[in-house]
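Worksheet: the structure to be examined is printed underneath.
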Amino acid sequence: MEIDKSVNVFGDPLVPCSLDPKTGFFRDGCCNTCNEDLGSHTVCVAVTDKFLAFSRSRGNDLSTPIEEFNFPGLKEGDRWCLCAARWLEAEKLDMAPRVFLQSTHVKALEIIPMQILRRYALDLL
């Protein structure tokens, strides 16, 4: 499995999203991706209770711990690499969490326009 170049939406080196809980397709703390990452886990967010309820309603319960996968379950405020298409679906329904652009992989732009991501950015001054 070959990891795509670790570059964020600005073309700069990708900043880690979260080491606690450890996130990312590769569980390396970054929103790195590759051809095998069919969900494109490339958008670094601060999860909210509203989004967690939305995700659960779509069949992806991110708040319940799963010990066999060493997954602690997410709570509001945790940072996590989300699937770009799921984030965009949430955005269209006013359920999207805020994003960290410096930690969001450039591949997210293949699914989500930059102008939409910028509206949700937590790391722009």
### Message
So if I check each of 29, 39, which one is open to solvent by 20 Å² or more (accessible area, probe 1.4 Å) and out of contact with any His (no Cβ under 9 Å at 6 or more places or on another chain)?
### Response
39
### Query
Which ones in segment 51-82 are under 15 Å from the mean Cα position of the chain (by Cα) and in a helix (DSSP H, G or I)?
51, 52, 54, 55
### Query
Does residue 15 fit the bill of being part of a loop (DSSP other than H, G, I, E, B), among the aliphatic types (A, V, I, L, M) and at pLDDT 95 or above?
yes
### Message
Testing residue 108 on (1) in contact with a helix residue (DSSP H, G or I) (Cβ under 6 Å, 6 or more places away or on another chain); (2) assigned to a helix (DSSP H, G or I); (3) over 21 Å from residue 2 (Cβ atoms), one condition comes back false. Which one is that?
### Response
(3)
### Message
Regarding segment 31-41, can at least one residue be identified that is part of a strand (DSSP E or B), touching a residue at least 12 places away in the same chain (Cβ under 8 Å) and closer than 13 Å to residue 87 by Cα?
### Response
yes
### Query
What tally of residues in segment 46-93 results from selecting those that are out of contact with any Asp or Glu (no Cβ under 9 Å at 6 or more places or on another chain), open to solvent by less than 60 Å² (accessible area, probe 1.4 Å), small (Gly, Ala, Ser) and more than 23 Å from residue 115 (Cβ to Cβ)?
2
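The values are calculated or read from the model by the stated rules, or taken from the named source; none is laboratory data. Please read these numbers as outputs of a predicted model, since none were measured by experiment. Reconstructed Cβ throughout: ideal geometry from the backbone, glycine too, with neighbour counts over all protein chains shown. Accessible surface areas use protein heavy atoms only, side chains included; no ligands, DNA or RNA. Shrake-Rupley method; radii C 1.70, N 1.55, O 1.52, S 1.80 Å.
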